[in-house]
Amino acid sequence: MFKSGFVTVIGRPNVGKSTLLNGLVGEKISIISDKPQTTRNKIQMVYTDEKMQAIFLDTPGIQNPKNKLGDYMLNISKSTLNEVDLITFIVDLSEDIGKLDQYILETLEDVDTKIILLINKIDLATDQKQIDDLKLKFENLERFEKVIPISALEERNFDEYFSAIYEIFEEGPMYYPSDYITDQPERNIVAEIVREKALLNMYDEIPHGIAVEVLSIKQREDKDILDIEVNLYVEQNSHKGMVIGKGGSMLKKIGSQARVDIQNLMDSKVNLKIWVKVAKDWRKKDSRVKDFGYI
């Protein structure tokens with residue numbers, strides 16, 4: 001019996017949602033960094049095998065909003081909970097259920113959708129007992145269909161997770177072609193890749209103020225090269241020089257790393273040009289948040 005359904009993936013920031021989903025679909029679609037709140041939009045990714053098709057929604061991490069962008073991100077995360085066939089709630093190996101995890105658990109109390117809980121980062125466990133004790137703690141809440149320890153980084157226990165999804169899904173159609181992996185336009189993915197490289201390379205006080213706008217993606221007529229032009233926005237004038245770096249070194253590093261991932265995604269050589277501009281305090285302004293595609 002072929003089954004299908006929609007899965008929203010939630011969890012506090014930096015718990016490994018994007019790493020999990022990129023591993024599940026086998027492609028780098030959702031950006032990964034060691035800084036929280038890297039995902040700003042509801043990114044849809046598709047996994048298909050001979051028995052089922054699962055459409056995953058990678059939502060922003062749930063946390064208390066601090067500005068207009070934060071409000072948007074929280075609304076996106078919470079709005080999907082009753083729109084899907086399954087919720088996947090990801091935690092990590094923290095011994096105690098922290099404030100944000102508790103907040104998410106309380107948010108889920110009024111939700112009828114079935115929930116699978118994944119305990120991520122078991123590759124960092126000191127011993128098996130640490131994993132077993134935390135698994136039992138969550139099982140005792142009697143809120144989840146399954147509690148599955150995983151390592152998103154090492155792709156451990158993915159088979160058990162897929163089996164659990166299949167058990168919950170009902171018979172359904174193949175919504176997308178079998179080779180389809182995301183509904184995101186190329187421009188969105190390119191923008192996210194550039195933003196990821198900025199997040200990975202920049203100082204703590206800058207990354208959340210970064211937005212990326214793809215101006216154009218053009219196939220060069222005489223060569224197998226894509227010419228891509230991008231604006232990278234920061235919130236403060238003082239940040240512009242830091243993003244560019246001495247002699248352009250930081251911007252060159254960001255661009256070089258982004259180009260590698262974009263070339264792998266597009267299966268083509270890429271000529272990437274990035275301009276750094278200032279959009280002062282854009283996260284606090286509805287109009288600017290909307291301009292950058294977050295409303």
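Just by accessible area at a 1.4 angstrom probe, what is the order of Phe162, Phe169, Phe2 from largest to smallest? Each step should come with its number before you reach the end.
Numbers: Phe162 30, Phe169 5, Phe2 55 Å².
Sorted by accessible area, descending: Phe2, Phe162, Phe169.
Probe radius 1.4 Å, ligands and nucleic acids left out: which of Lys99, Lys135 has the largest accessible area, and how do the rest follow? Can you show the working numbers first?
On the way: Lys99 185, Lys135 60 Å².
Largest accessible area first, the list is Lys99, Lys135.
Give, in whole angstrom and from largest to smallest, the semi-axes √(5λ) of the equivalent ellipsoid of the stretch 192-256, with λ running over the eigenvalues of the Cα gyration tensor. Don't skip to the answer; put the middle values down first.
Values: eigenvalues 121, 31, 21 Å².
Equivalent ellipsoid of the stretch 192-256: 25, 12, 10 Å, largest first.
Annotation: Arg220 carries an accessible surface of approximately 70 Å², with a 1.4 Å probe and no ligand, DNA or RNA atoms counted. What the stretch 187-268 shows is 50 Å² of accessible area per residue, with the surface traced by a 1.4 Å probe over protein heavy atoms.
For the stretch 212-269, give me the percentage of DSSP beta bridges that are antiparallel, rounded to the nearest 5 percent. Mind showing how you got there, number by number?
Numbers: 7 of 8 bridges.
DSSP beta bridges in the stretch 212-269 are roughly 90 percent antiparallel.
Applying 1/(1 + (r/R0)^6) with r as the Cβ-Cβ distance of Asn271 and Leu153 and R0 = 25 angstrom yields a FRET efficiency of 0.20.
Of Lys218/Lys273; Lys218/Lys240; Lys218/Lys269, which ones are farther than 19 Å apart at the Cα?
Details: Lys218/Lys273 12 Å; Lys218/Lys240 27 Å; Lys218/Lys269 12 Å.
Pairs exceeding the cut-off: Lys218/Lys240.
Compute the Cα gyration tensor for the stretch 132-247, then decide on rounded, prolate or oblate, letting a ≥ b ≥ c be the square roots of its eigenvalues: rounded whenever a/c is under 1.5, prolate when a/b is larger than b/c in the other cases, and oblate in all that remain. Since a/c reaches 1.5 but b/c is at least a/b, the shape of the stretch 132-247 is classed as oblate. Peptide packing for 141-148, 124-131 was compared via the average number of neighbouring C-beta atoms within 10 Å per residue; ordered from the highest value, the list is 141-148, 124-131.
Heavy-atom accessible surface of Leu153, to the nearest 10 Å², is about 130 Å², with a 1.4 Å probe and all protein chains retained.
The values are calculated or read from the model by the stated rules, or taken from the named source; none is laboratory data. In this text the structure is predicted, and so the values were computed from the model without any measurement. Every residue, glycine among them, receives a Cβ derived from its backbone with ideal geometry; neighbour counts consider all protein chains shown. Surface areas here come from the heavy atoms of the whole protein model, side chains and all, with no ligands, DNA or RNA. Shrake-Rupley method; radii C 1.70, N 1.55, O 1.52, S 1.80 Å.
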